[in-house]
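A quick write-up on the structure given underneath.
Every number in this text was worked out from the coordinates using simple rules, so none of it is lab data. Keep in mind that this is a model prediction, so the values were computed, not measured. Because the Cβ atoms are built from the backbone with ideal geometry, glycine has one as well, and the counts that use them run over all protein chains shown.
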Amino acid sequence: MPYPEIRPRRLRRNAAVRRLVAETRVDPAELVVPMFVKEGLTEPRAIASLPGVLQHSRDSLRKAAVEAVQAGVGGIMLFGVPAERDAVGSGGIDPNGILNVAIRDVVAEVGDATVVMSDLCLDEFTSHGHCGLLTPDGGVDNDATLEAYAKMAVAQANAGVGVVGPSGMMDGQVGVVRRALDAAGHQDVAVLAYAVKYASAFYGPFRDAVESTLEGDRRTYQQDPANLRESLREVALDVAEGADLVMVKPALPYLDVVAAVRAAVDVPVAAYQVSGEYAMVEAAAANGWIDRERVMLETLTSIRRAGAQIILTYWAVEAAQLLRQRY
Ligand code: PBG
């Protein structure tokens with residue numbers, strides 16, 4: 001009998017050797033937790049389609065931020081849910097708008113203990129739910145929207161944010177935001193470009209989280225899931241315009257894109273494990289169909305293995321706690 005001499009199984013035989021040879025580790029410092037804060041809330045509120053994720057009050061947000069720091073997460077990405085919206089999303093630019101207030105709150109609470117980031121997009125603030133200003137015929141006006149993003153970026157930087165995350169997929173947004181920040185004296189505020197953002201059905205639960213009432217869809221500005229080369233073009237443009245970090249979104253259905261982007265650029269690459277990815281696992285686990293913790297860590301490991309150095313995930317705090325027990 002020709003028994004094999006080369007036995008890969010030797011390196012799998014127990015936990016110690018598996019740990020020794022593991023090629024990928026997820027480090028809490030590379031996880032970023034998205035958090036939602038809603039104007040006017042006195043108590044945090046559950047989000048039905050995102051079990052375990054909350055719409056925070058200003059108060060509960062501060063506490064959650066401290067808890068996230070204690071868990072060792074690398075960053076917090078803030079999203080605001082305004083009490084009122086209008087056609088131009090003025091709540092995003094107003095220094096007293098909920099997101100800008102929340103940035104101030106969180107920065108006052110955690111200082112430099114983690115990286116405070118903010119979503120830089122108008123969809124949470126517009127009555128029509130689009131990421132920009134509309135033309136009279138209902139299209140999204142790229143260049144008018146850029147002017148709004150420039151003001152919003154400066155408002156967020158004035159509030160003390162460390163990283164802004166332009167996510168509206170307008171052409172030229174990174175360059176405009178970078179120039180506006182510099183002109184306002186915010187050279188140190190970094191830009192995390194949502195460089196690759198697909199028009200994805202996986203954002204469904206997020207719309208609940210921010211109570212967005214989107215009319216129509218985002219296919220004239222977000223990317224077609226069919227395309228990969230287009231993503232490399234988007235990334236190249238964003239890096240040329242001054243992006244400090246680039247992100248791919250969603251994560252798990254687009255691991256080929258994550259790997260291609262990683263190979264194409266030298267800036268840090270992030271991936272956003274979006275609301276629908278999270279909800280899918282939570283729902284299956286609630287039915288007893290999958291092992292929640294194992295699937296959670298397997299997805300994060302896979303996103304990391306594909307080449308994302310930073311992962312935005314609603315599990316960030318819990319995963320950080322689990323990983324710390326483990327290593
Ligand atoms: C835009 C934004 C969205 C998400 C993050 N930033 C919504 C969208 O573009 O439609 C989705 C994140 C998620 O689904 O978890 N403000």
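Sorting 144-157, 102-115 by average packing, meaning the other beta carbons within 10 Å per residue, from highest down gives 144-157, 102-115. In this rough spin-label picture, where each label sits 7 Å from Cα along the Cβ direction, the ALA183-ALA284 distance is 4.8 nm. For the chain, the fraction of C-alpha pairs farther apart than 34 angstrom is 21 percent.
Shown for ILE98, ILE310: other C-beta atoms within 10 Å of each C-beta, ranked fewest to most, produce the order ILE310, ILE98.
If you take all other residues with their beta carbon under 13 Å from the beta carbon of PRO166, and give Lys and Arg +1 and Asp and Glu -1, the sum is -2.
Each peptide in 186-196, 75-85, 230-240 was scored by the mean count of other Cβ atoms within 10 Å over its residues; highest first, the order is 186-196, 75-85, 230-240. For the pair ARG10 and ASP266, the difference between a 0.36 nm per residue extended length and the Cα-Cα distance amounts to 88.6 nm. By the Kirkwood approach, averaging reciprocal distances over each pair of separate Cα atoms, region 69-194 gets a hydrodynamic radius of 14.5 Å. Among all the lysines, which ones have a C-alpha under 17 Å from LYS38's C-alpha, if same-chain residues fewer than 8 places away are not counted? Output for LYS38: LYS63.
Considering only beta bridges that DSSP places wholly inside region 25-244, some 10 percent are antiparallel.
Could you give the length gained on full extension between GLU215 and SER302, defined as 0.36 nm per residue of separation minus the Cα-Cα distance, in nm? Net length gain for the segment: 27.9 nm.
About the centre of its Cα atoms, the chain shows a dipole size close to 1820 debye [charges on the beta carbon of Lys, Arg (+1) and Asp, Glu (-1) only; nearest 20 debye]. In this calculation the C-beta distance from TYR3 to ASN227 is compared with R0 = 41 Å, giving a FRET efficiency of 0.25.
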